[in-house]
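Okay, structure first, notes after.
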Amino acid sequence: MAADTVLGHLRKACDDRVRVADAADAVDGTPCRYVALPASTGEVAELLRVAAEHGLRVVARGAGTKQCWGRPPEAVDVVVEMAGLAGVVEHAAGDLITIARAGTPMAELQRVLATAHQQLAVDTPLPGATLGGTVATSTSGPRRFLYGTLRDLLIGITFVRADGVVAKAGGKVVKNVAGYDFGKLLTGSYGTLGVITEVALRLHPLPPARRFVTVPVADAEAAGRVAAVLGSQVAPTAVEVDRPSDGGSTVAVLLEGVDTGVETRAKVTADLLGPASVVGDAAPGWFGEYPFGPTDIGLKLTTTLTGVGALLAAVRGEAAAAVSVRGSAAGVLYAGLPGGTDPDAAAAVVERLRARAAELGGSVVVLTGPRATRERLDVWGPVGGLDLMRRLKHELDPDRRLAPGRFVGGI
């Protein structure tokens, strides 16, 4: 069918808010044909029905902060910009529940919740990120140590399937239901199972006081200082380790609660960490940030609580590759290599770290990096349950039209 006819159908579905794409609209280097700006779940559904009718491949995009994560999509015909689906739909402060649209910036969501002295206990390492993009990539930060990840805080979701059917799962109460838990399935699926339009979330009160206790330590001492905190009763919100590529580690502990209790716990934590500890109100400049920039190679390394020290040691062993590492005593670390690292050398580092992580019950995923480097690397590594994931993809998107190829196993 002629391009102008397809464009006309898309515009009709989206109240004329569709335009022809240009080079700047490419998704991770993959060019697209059209850009749509829907303003409701209904318009997203109608767009996807038109896309299904014409066999168009679709990628949803929030702020684009993680556009170069995962694998590049194999092809893109329509980019669905989610900025038109923003705002808090409902905030049931008494029940510690909120419903927000997917295009809502995380910072704006937190601002609204803070007016009721509440929060979504999820960190946003990349400024500008939206709620939908955060769910789609399952990003989290230091406070996952206490609160868990976004997957743990998500209690309901509204999304549009590849055929344009609107689906809902969960609700405004925390309970388990029979069948697929689509909230958990869509979290971290990189937009390959559906276009998320609304999310229901469990909230927490904003703590009235917080303190950070930091201490510089020798690399070999970092795991021991962390273990001392974990073995105590100070109940930290986060325990983070930072080791830049030029060596020398820092341990930072976040404590939250009522003022008197936090002061007492901070003193105990400082004693545990050693005489060089510093107690303050402000977070270290690196706290909650990734140890890699937009042009670097970024890795996510996971392990058990007891494996953190050994995984840090494995990263230290890659000194020649200038690897920086930062992350949580909860067993999630992030590492960065310079973007100019030779792809074969980067692949060798990933293979060695992946082998060590597997011994420790974890994994290594290449989150981002130059496209040529990611094409050389095995981005996802071994993944359990891949056959089941492929069957689910086939059930929800049999023609592979939603972000094709972005996720594990070419899903």
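The values are calculated or read from the model by the stated rules, or taken from the named source; none is laboratory data. Quick caveat, the model's predicted, so the values are computed rather than measured. Cβ atoms come from the backbone with ideal geometry, glycine included; neighbour counts cover every protein chain shown.
Which one of the conditions (1) closer than 14 Å to ARG406 by Cβ; (2) in contact with a helix residue (DSSP H, G or I) (Cβ under 7 Å, 6 or more places away or on another chain); (3) in a loop (DSSP other than H, G, I, E, B) does THR65 fail to meet, given that it meets all the rest?
Only one criterion is unmet by THR65, namely (1).
Residues to consider are VAL349, VAL308; find the one that is in contact with a Leu (Cβ under 8 Å, 6 or more places away or on another chain), closer than 21 Å to GLY247 by Cβ, in a helix (DSSP H, G or I) and without any contact (Cβ under 8 Å) to a residue 40 or more places away in the chain.
It is VAL349.
Can you name every residue in the stretch 243-263 that is part of a helix (DSSP H, G or I) and loosely packed, with under 13 Cβ neighbours inside 10 Å?
Correct list: ASP259, THR260.
Working only within the stretch 1-57, note down all residues that are in contact with a Cys (Cβ under 6 Å, 6 or more places away or on another chain) and either surrounded by 22 or more Cβ atoms within 10 Å (Cβ to Cβ) or part of a helix (DSSP H, G or I) (or both).
Of everything in the stretch 1-57, those that are in contact with a Cys (Cβ under 6 Å, 6 or more places away or on another chain) and either surrounded by 22 or more Cβ atoms within 10 Å (Cβ to Cβ) or part of a helix (DSSP H, G or I) (or both) turn out to be ASP25, ALA36, PRO38, GLU43, LEU47.
Could you look through the stretch 9-25, keep only residues that are touching a strand residue (DSSP E or B) at 6+ places or on another chain (Cβ under 9 Å) and of a type in the set (Gly, Ala, Ser), and pick out the one that is farthest from HIS54 (Cα to Cα)?
Residue satisfying both the conditions and the ranking: ALA21.
Quick check, is ALA223 surrounded by 20 or more Cβ atoms within 10 Å (Cβ to Cβ), out of contact with any strand residue (DSSP E or B) (no Cβ under 7 Å at 6 or more places or on another chain) and not assigned by TED's automatic domain parsing to the domain that holds THR139?
Yes: the conditions hold for ALA223.
With more than 18 Å from the chain's Cα centre (by Cα) and either surrounded by fewer than 21 Cβ atoms within 10 Å (Cβ to Cβ) or touching a residue at least 12 places away in the same chain (Cβ under 8 Å) (or both) as the only criterion, which of ASP95, ASP123 stands out?
Every option except ASP95 fails the conditions.
Within the stretch 277-305, track down each residue that is among the hydrophobic types (A, V, I, L, M, F, W, C) and touching a residue at least 60 places away in the same chain (Cβ under 8 Å).
VAL278, VAL279, ALA282, ALA283, PHE287, PHE292, ILE297, LEU299, LEU301, LEU305
Exactly one condition in (1) under 28 Å from ALA235 (Cα atoms); (2) over 12 Å from the mean Cα position of the chain (by Cα) is not met by THR149; state its number.
Unmet condition: (2).
Pairs under 7 Å by beta carbon, first residue touching a residue at least 24 places away in the same chain (Cβ under 8 Å) and in a loop (DSSP other than H, G, I, E, B) in the stretch 398-409, partner surrounded by fewer than 17 Cβ atoms within 10 Å (Cβ to Cβ) and of a type in the set (Asp, Glu), six or more apart or different chains?
Matching pairs, first to second residue: PRO404/GLU74; GLY405/GLU74.
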